[in-house]
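This report refers to the structure that appears directly beneath it.
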Amino acid sequence: KAGVTQTPRYLIKTRGQQVTLSCSPISGHRSVSWYQQTPGQGLQFLFEYFSETQRNKGNFPGRFSGRQFSNSRSEMNVSTLELGDSALYLCASSPRQGGETQYFGPGTRLLVL
Amino acid sequence: DAKTTQPTSMDCAEGRAANLPCNHSTISGNEYVYWYRQIHSQGPQYIIHGLKNNETNEMASLIITEDRKSSTLILPHATLRDTAVYYCIVSPTNFGNEKLTFGTGTRLTIIP
């Protein structure tokens, strides 16, 4: 089976802009979770989508949003980018909601200037 | 709150067994021990998990003490490709709002 794929792999934006990241889960996986990884904060959970509905949410501002499509593919949007949003954004899929093992994609590295 | 404690870094000779310890003294009865690793510039990779019995798969073995307050991940024959940061996580199977919380992990360097 193909793994989790994320596009784009690298992105450079400026403050105030918005960005949309895409994630395609492993075939048959219906849960998609998003994480932000920074050197200072480590890996932090953003949100989880299952059956096109947000099921769990981490402690991030409303500028961070997401959605999931009927084919389980997911997008994450960050509006009004700030310098502190520079990070590696990781997507993980799992067969079930709150699945015990998460299969991560390679991530999208976002740099905000 | 850090639920796990791991050494910051470890070295291991290529071909030898790498033993990575993890302390989780406040683990609850319904929490599993998970191990992930992250190779530089890649997403985390699931390795293994267990509740109270020792577990083995094609990648590694997981030894959990009887009181479940600590565990050891064993890579039986370490290769250079095993150089990575290894994360020990405790969590119930249904992660809920917390989802996976990775600490700082152990940076394992395999020495040729």
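The values are calculated or read from the model by the stated rules, or taken from the named source; none is laboratory data. Not measured: the values here are computed from a predicted model. For neighbour counting, all protein chains shown are included, and Cβ atoms are generated from backbone atoms with ideal geometry for every residue, glycine included. Quick note on the areas: whole protein, heavy atoms, side chains included, nothing else; ligands and nucleic acids left out. Shrake-Rupley method; radii C 1.70, N 1.55, O 1.52, S 1.80 Å.
Mind listing whichever residues of region B:7-33 are open to solvent by less than 30 Å² (accessible area, probe 1.4 Å), under 14 Å from B:Leu73 (Cα atoms) and outside any strand (DSSP E or B)?
B:His24, the sole residue that qualifies.
Please find, within region B:48-65, the residue that is most open to solvent (accessible area, probe 1.4 Å) out of those that are among the β-branched types (Val, Ile, Thr) and modelled with pLDDT of 95 or more.
Of everything passing the filter in region B:48-65, B:Thr56 is most open to solvent (accessible area, probe 1.4 Å).
For region B:34-47, enumerate the residues that are more than 8 Å from every other protein chain (Cβ to nearest Cβ), outside any strand (DSSP E or B) and modelled with pLDDT of 90 or more.
B:Ile39, the sole residue that qualifies.
Matching residues to (1) of a type in the set (Phe, Trp, Tyr); (2) open to solvent by 80 Å² or more (accessible area, probe 1.4 Å); (3) under 17 Å from A:Pro95 (Cα atoms); (4) touching a residue at least 60 places away in the same chain (Cβ under 8 Å):
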{"site": "A:Pro8", "(1), (2), (3), (4)": "no, no, no, yes"}
{"site": "A:Gln36", "(1), (2), (3), (4)": "no, no, no, no"}
{"site": "A:Gln68", "(1), (2), (3), (4)": "no, no, yes, no"}
{"site": "A:Asn77", "(1), (2), (3), (4)": "no, no, no, no"}
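Assuming A:Ser72 fulfils every condition listed in (1) surrounded by fewer than 21 Cβ atoms within 10 Å (Cβ to Cβ); (2) in contact with a strand residue (DSSP E or B) (Cβ under 7 Å, 6 or more places away or on another chain); (3) in a loop (DSSP other than H, G, I, E, B); (4) in contact (Cβ under 8 Å) with a residue 40 or more places away in the chain apart from one, which condition is it?
Evaluating A:Ser72 over (1) surrounded by fewer than 21 Cβ atoms within 10 Å (Cβ to Cβ); (2) in contact with a strand residue (DSSP E or B) (Cβ under 7 Å, 6 or more places away or on another chain); (3) in a loop (DSSP other than H, G, I, E, B); (4) in contact (Cβ under 8 Å) with a residue 40 or more places away in the chain leaves (1) as the failure.
Can you tell me which residues in region A:90-107 are at the interface with another protein chain (Cβ under 10 Å from one of its Cβ atoms) and crowded, with 19+ Cβ neighbours inside 10 Å?
If the condition is that a residue be at the interface with another protein chain (Cβ under 10 Å from one of its Cβ atoms) and crowded, with 19+ Cβ neighbours inside 10 Å, then A:Leu90, A:Cys91, A:Ala92, A:Ser94, A:Gly98, A:Gly99, A:Gln102, A:Tyr103, A:Phe104, A:Gly105, A:Gly107 are the ones that fit.
Could you grab me the full set of residues in region B:78-93 that are assigned to a loop (DSSP other than H, G, I, E, B) and modelled with pLDDT under 95?
B:Pro92, B:Thr93
Would you confirm, using the coordinates I've provided, whether A:Arg63 is of a type outside the set (Gly, Ala, Ser), in contact (Cβ under 8 Å) with a residue 60 or more places away in the chain and open to solvent by 30 Å² or more (accessible area, probe 1.4 Å)?
Criteria not met by A:Arg63.
In a loop (DSSP other than H, G, I, E, B) and touching a residue at least 60 places away in the same chain (Cβ under 8 Å), is that true of A:Gly40?
No.
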